[in-house]
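Working notes, structure below.
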Amino acid sequence: MRPRSKDSLHCGPVKLPELAAKWGTPLYVYSADAILARFRMFARAFADQPHLVCYSVKANSSLAILKLLADQGAGFDIVSGGELERVLAVKKAAAARVVFSGVGKTAPELDLALRSGIRIFNVESEGELELLAERAAKQRRKARFALRVNPDVFAETHPYISTGLSAHKFGIAISEARALYARARGMRWLEASGVSVHIGSQIREAGPFGAAAERVAALAAELEQDGDHLRSLDLGGGLGIEYDEGTSWDPEARVLEYATTLRGSLGSLGGRLELLLEPGRFLVAQAGALLTEVLYTKQNGAKRFVITDAGMNDLIRPSLYGAHHAIEPVAAPRREQKTAVVDVVGPVCESGDFFARDRELAAVEAGDLLAILDAGAYGMSLASNYNTRPRPAEVMIEGKKARLVRKRESIADLLKMERV
Ligand code: LLP
């Protein structure tokens with residue numbers, strides 16, 4: 001989404017200002033080609049071992065994106081009945097490629113997943129294992145499960161999105177897992193078919209993934225000795241990207257290093273068991289941008305503000321995690337255009353409603369368009385209606401064609417659920 005022609009930013013042959021003119025702002029724009037390129041990169045990196053890439057739906061649950069990936073044979077990592085309904089809405093047969101994670105699965109969600117014939121449940125507590133056994137018995141259907149273990153591995157990332165330490169709510173302590181698998185052997189409708197782990201998100205080095213994989217492999221070997229017939233190891237998602245425009249990096253090299261590290265850590269198990277991988281951000285973040293129009297610029301004392309029509313409700317990452325997103329004016333810089341150090345902020349009534357602070361940006365005026373880059377992951381999927389703001393529309397670009405894949409919400413949409 002970064003290429004620039006002489007007059008504006010574009011995505012393939014499609015110019016971003018034309019999209020804003022047609023569908024308004026704020027507007028999420030996704031490149032199907034960019035998503036597919038990342039998906040294929042992942043597939044190439046793991047080509048020499050049995051694997052299934054299960055796209056993590058929470059990163060961006062747009063039906064158009066799910067359909068795009070389902071058609072490529074992707075599997076899906078889901079964390080709710082709602083996400084499962086999304087997968088079923090685009091391709092019923094994809095249920096067989098669904099892995100169900102999450103610490104708080106409810107009985108109706110387990111029932112739906114069992115009925116749909118999903119591939120595997122990643123179980124996160126003893127209580128959940130018991131409930132799954134009970135629901136499976138009711139339906140007289142075998143439930144394949146993996147325990148999601150907490151490997152107590154530290155990975156450098158934002159504390160809100162780190163999950164692999166014993167202080168986190170996720171998974172079952174790896175030291176207790178073997179005993180729980182032993183208990184499950186006595187439960188008629190359960191079948192232990194794997195082990196799973198996920199240590200966090202936006203992790204940019206391979207080391208912690210390797211350390212977690214090693215611990216999982218050691219446990220899997222013990223379970224096989226104990227008599228379980230495992231089919232898969234789920235190594236979660238979390239492979240990070242570079243948001244900072246100043247950092248040069250090669251996504252293909254990163255995913256190759258990731259694959260090589262995992263292979264090294266798994267030893268002979270890696271070639272025998274199917275690897276389930278759950279990338280979210282790596283596949284979609286850089287395929288998306290949030291287009292927004294500058295409403296006002298103003299100076300408050302020493303500070304200069306650029307106020308946009310997108311707010312923290314549309315893209316919460318900067319406010320919630322202090323995340324950096326590159327921001328570029330969509331129009332090509334006018335000759336001798338000055339730059340200014342500004343805060344780019346939204347209209348929401350919170351001082352935390354910002355996209356960038358003290359950022360040097362080409363001087364822009366009311367009416368100009370900005371593109372907030374790398375917004376394809378955890379952008380729209382975390383959007384809310386705070387301040388009674390309708391959520392943005394979404395557009396997908398495939399080759400030369402752009403199409404609306406989600407209408408902009410209207411105020412009427414927001415009010416219709418309520419009664420006075
Ligand atoms: N698998 C599991 C079990 C997960 O919990 C997650 C993400 C993933 C896979 C996908 O991780 P990814 O490959 O996208 O890093 N809202 C935050 C990220 C939250 C991640 C939650 N779990 C953000 O905007 O940075």
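Brief remarks on what is shown
- Residue in the range 287-308 that is of a type in the set (S, T, Y), away from the ligand (no atom under 16 Å from the Cβ) and not assigned by TED's automatic domain parsing to the domain that holds V14 present: no
- Taking the listed residues L66, L36, the one that is part of a helix (DSSP H, G or I), at pLDDT 95 or above, closer than 26 Å to G117 by Cα and not small (G, A, S) is L66, with no other qualifying.
- Residue check for D77: in contact (Cβ under 8 Å) with a residue 60 or more places away in the chain and within 28 Å of L283 (Cα to Cα): yes
- Subset tally (residues that are buried (at least 24 other Cβ atoms within 10 Å of the Cβ) and either at pLDDT 95 or above or more than 30 Å from Q202 (Cβ to Cβ) (or both)) for the range 144-160: 5
- Of everything in the range 289-327 that is farther than 16 Å from L19 by Cα and among the charged types (D, E, K, R), the residue that is surrounded by the fewest Cβ atoms within 10 Å (Cβ to Cβ) is K298.
- Just one of the listed residues (R115, R86) is out of contact with any Lys or Arg (no Cβ under 7 Å at 6 or more places or on another chain) and in the same structural domain as R140 (by TED's automatic domain parsing), and it is R115.
- Taking the criterion of being within 18 Å of L165 (Cβ to Cβ) and within 25 Å of the chain's Cα centre (by Cα), the residues of the range 215-248 that qualify are R215, V216, L235, G236, G237, G238, G240.
- Among the residues making up the range 339-381, a single one is among the hydroxyl-bearing types (S, T, Y), at pLDDT below 95 and assigned to a loop (DSSP other than H, G, I, E, B): S351.
- Residue ID - nearest to G127 (Cα to Cα), chosen from residues in the range 156-176 that are more than 10 Å from the ligand (Cβ to nearest atom) and in contact with a Lys or Arg (Cβ under 9 Å, 6 or more places away or on another chain): I172
- Pairs with Cβ under 6 Å, 6+ apart, first in the range 262-285 and over 16 Å from I35 (Cα atoms), second within 16 Å of the ligand (Cβ to nearest atom) and of a type in the set (S, T, Y): L273/S232; E274/S232; L276/S232
The values are calculated or read from the model by the stated rules, or taken from the named source; none is laboratory data. These numbers were taken from a predicted model, which means no experiment stands behind them. Glycine also receives a Cβ, built like all others from the backbone with ideal geometry; neighbour counts cover every protein chain displayed.
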